[in-house]
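The structure appears below as structure tokens.
The values are calculated or read from the model by the stated rules, or taken from the named source; none is laboratory data. Quick caveat, the model's predicted, so the values are computed rather than measured. In this analysis, Cβ positions are derived from the backbone assuming ideal geometry, glycine residues included, and neighbour counts consider all displayed protein chains. All accessible areas refer to the heavy atoms of the entire protein, side chains included, with ligands and DNA or RNA removed. Shrake-Rupley method; radii C 1.70, N 1.55, O 1.52, S 1.80 Å.
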Amino acid sequence: MSGVKEVGGYKLGKLLYEGKTKEVYTVNGVTDQLLLLNKDRITAHNGVRSHDLEGKAKISNQTNAKVFTLLNNAGVKTAFVKTASDNAFLARNCEMIPIEWVTRRLATGSYLKRNPGVKEGYRFSPPKQETFYKDDANDDPQWSEEQIVSAGFKVNGVLIGQDEVDIMRQTSILVFEILERAWATRNCALIDMKIEFGVDTEGQLLVADVIDSDSWRLWPSGDKRLMVDKQVYRNLASVTASDLDTVKRNFLWVSEQLDNILPKNDHLVVILMGSPSDKEHCQKIAKNCRDLGLNVELRVTSAHKGTTTTLHIVQEYESVLSNLVFITVAGRSNGLGPVLSGNTNYPVINCPPVKPENVNQDVWSSLNVPSGLGCATVLYPEAAALNAAQILGLNNFLIWSKLRVKQLNNYSSLIYADKGFRGVQRSD
């Protein structure tokens, strides 16, 4: 493969790295992206076991693209750009951090050997986090976070310290939990997985490298006997052509399952305003909803002046959708939210367009609802959108994932802001 000059229409430049299962090239004319070329090769035990496996490169490339596309859709910061050919993809030009981040939901495999006395299947809540230094000669030894910080890795100009370790830890858990929920929709249990990080030329920490069937343990129906990951290959006493064919079929099955893993786009947030004068407030709510990947429609109706029409609008939506949330916007005397809440079993969120001069009266009319009604009240457009997303995310892992990514981004922003202040103070 080292003689390849062009892949998918991209002219290859310098070979930067050749591993057991992939090669990494620069791309002529493209400075900020690299091309990762998969090999038809399967290995285990740090290369002690190795076999050619025709078609593996294509399957691995497809699996990797589907996983990273899902993560990108959720808003996770990754290096993946796009598929370049059947067996290659483009990624942002990153320098890799030589640490594998392993996240575990159940105790199995090497964890049991390193922790005698723990029974197989012990469930980690929250997920168990482990880190390993990439060093084939020493069988990738386990490292503590203190060892990572002490190593003082400088990657693309970024010193990997405690701040970066904290962000990588939280991101690793996030990636695991997103994929865990995704695989649950296919009745598969994600047992554990490993990911790696890189730093791009702008100094951003990104989930990088490859995520495919070499990266995880995956048990259909939660049954270890049905495993469809590379552990099947690792466990073989000897390797026959039939065994390799079984491994290949498993990998193909995983890739095909990912074709149907994204949830249906069958939800809706309906924002009802009591007056067109509330349009600006409602547009803010709608924007926050769309930023979270929610479908939104805006309607104008008054529970006081057009009760029959209001209820008819609600019934229209109820007749076609089951994943539905209403957000009501009405100032002064808010009858819209309570009337809807009394006539639908779907969630209703009040978000009155309060003004400083009459905030007490406007809020009180939304809060002091009759008994038997369950509508919530929030004051800010962002809070209304987040509340709706939390409700819809119960049955849609992609919406849930966007919320988790938002939490991570808030967490990371505070760390970087604090790091900036520390740097200023030290320079002073």
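Once you put a point 7 Å from the Cα of N360 and another 7 Å from the Cα of T309, both along the Cβ direction, what distance in nm separates them?
My value for the distance between the label points is 3.4 nm.
Given the peptides 281-289, 244-252, 332-340, arrange them by the average over their residues of other C-beta atoms within 10 Å, most packed first.
Working: 281-289: 20.2, 244-252: 18.0, 332-340: 22.6.
So the peptides 281-289, 244-252, 332-340, ranked by packing, come out 332-340, 281-289, 244-252.
Starting from the Cα gyration tensor of segment 192-233, multiply each eigenvalue by 5, take the square root, and state the resulting semi-axes largest first in whole Å.
Values: eigenvalues 182, 16, 6 Å².
So the equivalent ellipsoid measures 30, 9, 5 Å along its semi-axes.
List, in the order given, every pair from K20/K194; K20/K154; K82/K406 whose Cα-Cα distance in the structure shown is over 20 Å.
On the way: K20/K194 17 Å; K20/K154 25 Å; K82/K406 24 Å.
Check vs 20 Å cut-off fails for K20/K154; K82/K406.
In deg cm²/dmol, rounded to 500, what helix-only [θ] at 222 nm does the chain give when every DSSP H run of at least 4 residues adds -39500 (n - 2.57) and the total is split over its residues? Walk me through the numbers on the way to the answer.
On the way: 12 runs with 158 residues, N = 428.
Computed mean residue ellipticity for the chain: -11500 deg cm²/dmol.
Could you grab the relative contact order for segment 335-390? Cα pairs under 8 Å, six or more apart, rounded to a whole percent. Walk me through the numbers on the way to the answer.
Details: 57 pairs, mean separation 24.3, N = 56.
Here the relative contact order equals 43 percent.
Note the full-extension length gain between S238 and K113 as 0.36 nm times their separation in residues minus their Cα-Cα distance, in nm to one decimal. Don't jump to the answer; show the numbers that get you there.
Working: separation 125, 0.36 × 125 = 45.00 nm, distance 2.22 nm.
Working it through step by step, the gained length comes to 42.8 nm.
With only alpha-carbon atoms in the gyration tensor, what are the semi-axes of the equivalent ellipsoid for segment 3-80, in Å, largest first? Mind showing how you got there, number by number?
Working: eigenvalues 96, 74, 27 Å².
Taking √(5λ) for each Cα gyration eigenvalue gives 22, 19, 12 Å.
Accessible area per residue for segment 352-428 in Å², computed with a 1.4 Å probe and the full protein assembly in place, what is it?
Working: 4710 Å² over 77 residues.
Here the residues of segment 352-428 average 61 Å² of exposed surface.
If the viscosity is 0.890 mPa s and the temperature 25 °C, what Stokes-Einstein diffusion coefficient in µm²/s follows for the chain when Rh is the Kirkwood radius over Cα pairs?
Rounded, D is 100 µm²/s.
Choose one of S215, V228, L205: the residue whose Cα lies farthest towards the positive end of the charge dipole of segment 198-251 (beta-carbon charges +1 Lys, Arg; -1 Asp, Glu; about the Cα centre).
Value computed over the given set: V228.
Based on the alpha-carbon gyration tensor of segment 197-300, what equivalent-ellipsoid semi-axes (square roots of 5 times the eigenvalues) come out, in whole Å, largest first?
Working: eigenvalues 453, 81, 18 Å².
Listed largest to smallest, the semi-axes of segment 197-300 are 48, 20, 9 Å.
If I compute solvent accessible area with a 1.4 Å probe over the protein chains, what percent of it on segment 76-115 is carbon and sulfur? Don't jump to the answer; show the numbers that get you there.
On the way: 690 of 1480 Å².
Carbon and sulfur atoms account for 46 percent of the accessible area of segment 76-115.
Taking segment 43-110, which GluC sites (Glu not before Pro) meet the DSSP loop condition and have no more than 15 other C-beta atoms within 10 Å? Display every interim value, and only then the final one.
Numbers: sites: E54, E95, E100; in loops: E54.
Of the GluC sites (Glu not before Pro), the ones in loops of segment 43-110 whose Cβ has at most 15 other Cβ atoms within 10 Å are E54.
For the chain, with a Gaussian network of springs between Cα atoms less than 10 Å apart, report the residue from G306, G55, G374 with the top mean-square fluctuation.
G306
Out of the DSSP beta bridges found with both residues in the chain, what percent are antiparallel (nearest 5)?
Details: 52 of 70 bridges.
Roughly 75 percent of the beta bridges in the chain run antiparallel, per DSSP.
Report the relative contact order of the chain, percent, no decimals, based on alpha-carbon pairs under 8 angstrom and at least 6 residues apart. Mind showing how you got there, number by number?
Details: 756 pairs, mean separation 49.9, N = 428.
Answer for the chain is 12 percent.
Just the number please: accessible area per residue for segment 1-111, 1.4 Å probe, all protein chains included, in Å². Show your work: numbers first, answer last.
Details: 4660 Å² over 111 residues.
With all protein chains present, segment 1-111 gives 42 Å² per residue.
If you roll a 1.4 Å probe over segment 321-367 with all protein chains in place, what percent of the accessible area is carbon or sulfur?
Working: 1070 of 2060 Å².
Carbon-and-sulfur percentage of accessible area, whole number: 52.
Using a 1.4 angstrom probe, figure out how much accessible area segment 152-287 has per residue, in square angstrom, rounded to the nearest whole. Could you put the intermediate results ahead of the total?
Details: 5590 Å² over 136 residues.
About 41 Å² of surface per residue is accessible.
Just how large is the dipole of segment 253-329 about the Cα centre, in debye to the nearest 20, putting +1 at every Lys and Arg Cβ and -1 at every Asp and Glu Cβ?
Values: 7 positive and 9 negative charges, 80 e Å.
Here the size comes out at about 380 debye.
Counting alpha carbon pairs within less than 8 Å and at least 6 residues apart, what relative contact order, in whole percent, applies to segment 1-141? Before the final figure, lay out each step's value.
Numbers: 226 pairs, mean separation 22.7, N = 141.
Answer for segment 1-141 is 16 percent.
Check each of the chymotrypsin sites (Phe, Trp or Tyr not before Pro) in segment 381-422 and keep only those in coil by DSSP with at most 12 other C-beta atoms within 10 angstrom; list them in order. Working shown, then result.
Details: sites: F397, W400, Y411, Y416, F421; in loops: none.
Here no loop site has a sparse enough neighbourhood.
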